[in-house]
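See below for the structure under consideration.
The values are calculated or read from the model by the stated rules, or taken from the named source; none is laboratory data. Owing to the predicted nature of the structure, the values given are computational and were not obtained by experimental measurement. So basically every Cβ, Gly included, is an ideal-geometry build from the backbone, and we count neighbours across all protein chains shown.
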């Protein structure tokens, strides 16, 4: 008890000294740069910042971590309340929305003068996500795209020595796996409440998802229909269980047990599977580029960008931080800390990435990714798209009727205001 | 005169607080419900259009609103009687002279009320799991095939009802328990002397004595259950096939997911009107029965 008391006293004394020392430091002329980031990225970026602060005396970077699920709402309320930070990590599908709000600083003038941020070093499809109505509003930080995670052993047991490269091979592999695995196991898990798997198949097509300057849905197009048919086939043939991700609370566990052999997901699961799959499965799973109708088809460009807010009073300084974090070396350190894949090709020239075989498929697919339609309403449209697909799978609605209803909903409800505003702009 | 002024002085702080934090936002929301306030209006007020009753018409024409309303009514119809019966049953057991460790049991039965929805939802999601869930395990021993509780559009709402009743019955139980203890013992004694059975004592003494409390509990529960939100939000996210989208969940998605604040406000006022009508009807029904 008494020793505890002594230790406690010593600790208090140490704190008091520390506090006294801190309060001596110059605080008056210090500039504070506010950066908002998602949880894991925010934590990691904190470790990169001391170097930046050493190079910029008198500058303090304050990082605020926000959970991904709360970030969007928080940013919008901060915009309405005029309380945005100087810069932030913005999911690249959110850029069109905040560009529409007029919240973002156009960055082309900064990039033109920069010798760190060079457009040709970035994956083209990823860079493109930052451009809205031909203005640049973001600089890509890290990237993701969804591709095929698969169980090599189950594929081999079904008689295949490599991952499928096109839809025909994929069909045959799924049929064979279902055959060899039996009635209570499946070949693939396509969560019915996630729009990403279907979206990634659809974005491979040459028909765009929206038409007429992104003011109308294009879901009755031939291309979308082809993607949907492939998606539906997996359920019709019982290659995929008609389940949502809520019904499979522990997907890593199920993947380990062989409940399904294919899973269309993103780079964060490399870390999850390395950690959570049982030892006997380690070495028997891999990643492969998402098959397309004829060979690797690419997917949707995901990831996060840096964006600087127009209301910031320290834009130049914020840009310098963006440049600092975009340096090849910082991109590589950031990968080591988080496992988030770098947006610059040159940063991939890195031993840790080269020795991790799971990242190779991502490197290949990143050259083929395409941005999603750049309208603020996109997420809602994608959600409606998935609801239409779910109605076909679970409710037995015909694909024709579902797509007709989807296009009608997108045209009459979701994009009606956008169309009206564009028409007004044209008149003026 | 003077006392009138004093009275106003005393209520003034409360009135100010209510005005700023209740009346003002409600009026603002009402105004907002007549506009098409959305992400474009947030960018520039030039893009804000006064649309009159169009939001209300749109909402009333949206199939999902009617589906949400049907889901919500279905939830209330299932959960209200189940909830009241469970609460009453638990209160009667606790009030029984035979019950031991009353304090312990009361606390245990009340515990679900004070736990966070999110935490217990995780446990319940495992209970409802189709293949590993405890509930299906028990049903399996009884020879009933596995029920896909949260994945089957027909079972998802009943699953939420079970969860919500378990989560909430303790609150009403406490109120009913207080009501039971307020019934004079001599009434029971008199009934017993007259030779009334336990069942007749319950029917003719307990129930009439509990009537005002039961009415209060029913109204609070109806108003609460019509505002169903947390359970589908954490358990199902409105799935499967939107079979657990409640009116409030619909409003939340319109407002905070899609940022159609005008339409979300219209939903809020429609729900308010609905709850008002239902509780008024209930009150009138009880009054006419009392008058008869």
Check the range A:390-399 and report whether any residue there is more than 13 Å from chain B (Cβ to nearest Cβ), in a helix (DSSP H, G or I) and either surrounded by 16 or more Cβ atoms within 10 Å (Cβ to Cβ) or modelled with pLDDT of 95 or more (or both). yes
Please state which one of A:118, A:146, A:151, A:165 is more than 30 Å from residue A:181 (Cβ to Cβ) and within 25 Å of the chain's Cα centre (by Cα). A:118
Please enumerate the residues belonging to the range B:261-278 that are free of Cβ contacts under 8 Å to residues at least 24 places away in the same chain and surrounded by fewer than 23 Cβ atoms within 10 Å (Cβ to Cβ). B:272, B:273, B:276, B:277
Taking the range B:28-48 as the search range and keeping residues that are part of a loop (DSSP other than H, G, I, E, B) and at pLDDT below 85, which one is nearest to the other protein chains (Cβ to nearest Cβ)? B:44
What is the one condition in (1) within 14 Å of chain A (Cβ to nearest Cβ); (2) modelled with pLDDT of 85 or more that residue B:212 does not satisfy? (1)
Of the conditions (1) in contact (Cβ under 8 Å) with a residue 40 or more places away in the chain; (2) surrounded by 13 or more Cβ atoms within 10 Å (Cβ to Cβ); (3) under 30 Å from residue B:181 (Cα atoms), the single one that residue B:111 does not satisfy is (2)
So, in the range A:73-101, how many residues would count as being part of a helix (DSSP H, G or I) and touching a strand residue (DSSP E or B) at 6+ places or on another chain (Cβ under 8 Å)? 7
Say we look at the range A:404-428 and pick out the residues that are over 12 Å from residue A:217 (Cβ atoms) and more than 10 Å from chain B (Cβ to nearest Cβ); which of these is surrounded by the most Cβ atoms within 10 Å (Cβ to Cβ)? A:422
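Out of the helices (runs of 4 or more DSSP H) lying entirely within the range B:106-195, which hold 2 or more residues that are farther than 28 Å from residue B:69 by Cα, over 25 Å from the mean Cα position of the chain (by Cα) and more than 14 Å from every other protein chain (Cβ to nearest Cβ)?
B:134-141, B:185-193
Select from the range A:102-122 the residues that are within 14 Å of chain B (Cβ to nearest Cβ) and touching a strand residue (DSSP E or B) at 6+ places or on another chain (Cβ under 7 Å) and write down the one among them that is farthest from residue A:321 (Cα to Cα).
Across the range A:102-122, the extreme among qualifying residues is A:103.
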Selection over the range B:141-155 where residues are exposed (fewer than 14 other Cβ atoms within 10 Å of the Cβ) and at pLDDT below 80 yields a count of 3
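Every residue, every condition in (1) farther than 30 Å from residue B:151 by Cβ; (2) more than 16 Å from the chain's Cα centre (by Cα), yes or no:
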site	(1), (2)
A:282	yes, yes
A:285	no, yes
A:298	yes, no
A:310	yes, yes
A:320	yes, yes
A:344	yes, no
A:348	yes, yes
A:352	yes, yes
Of all residues in the range A:373-389 being assigned to a helix (DSSP H, G or I) and under 30 Å from residue B:45 (Cα atoms), which is nearest to the other protein chains (Cβ to nearest Cβ)? A:380
Just one of (1) within 14 Å of another protein chain (Cβ to nearest Cβ); (2) without any contact (Cβ under 8 Å) to a residue 40 or more places away in the chain trips up residue B:198, so point out which. (1)
Here is a list of conditions, (1) in contact with a helix residue (DSSP H, G or I) (Cβ under 8 Å, 6 or more places away or on another chain); (2) under 26 Å from residue B:251 (Cβ atoms); (3) at pLDDT 85 or above, and residue B:94 meets all of them except one; can you say which number that is? (2)
For residues that are in contact with a helix residue (DSSP H, G or I) (Cβ under 9 Å, 6 or more places away or on another chain) and in a loop (DSSP other than H, G, I, E, B), scanning just the range A:33-72, find the one that is surrounded by the fewest Cβ atoms within 10 Å (Cβ to Cβ). A:67
All but one of (1) touching a residue at least 24 places away in the same chain (Cβ under 8 Å); (2) closer than 20 Å to residue A:140 by Cβ; (3) away from chain B (no Cβ under 14 Å); (4) surrounded by 15 or more Cβ atoms within 10 Å (Cβ to Cβ) hold for residue A:95, so report the exception by its number. (3)
Applying the selection to the range A:107-139, what residues are assigned to a loop (DSSP other than H, G, I, E, B) and surrounded by 14 or more Cβ atoms within 10 Å (Cβ to Cβ)? A:107, A:114, A:116, A:117, A:123, A:129, A:130, A:137, A:138
Residue that is surrounded by the most Cβ atoms within 10 Å (Cβ to Cβ), among those in the range A:221-249 that are within 14 Å of chain B (Cβ to nearest Cβ) and free of Cβ contacts under 8 Å to residues at least 12 places away in the same chain: A:247
When both residues are 6+ apart or on different chains and their Cβ atoms are under 6 Å apart, which pairs have a first residue that lies in the range B:234-260 and is away from chain A (no Cβ under 11 Å), and a second that is outside any helix (DSSP H, G or I) and buried (at least 21 other Cβ atoms within 10 Å of the Cβ)? B:246/B:228; B:249/B:238
Need the failing condition index for residue B:40 against (1) free of Cβ contacts under 8 Å to residues at least 24 places away in the same chain; (2) out of contact with any helix residue (DSSP H, G or I) (no Cβ under 6 Å at 6 or more places or on another chain), just the number. (2)
All positions within the range A:307-320 that are touching a strand residue (DSSP E or B) at 6+ places or on another chain (Cβ under 8 Å) and closer than 16 Å to residue A:102 by Cα: A:307, A:308, A:309, A:310, A:312, A:315
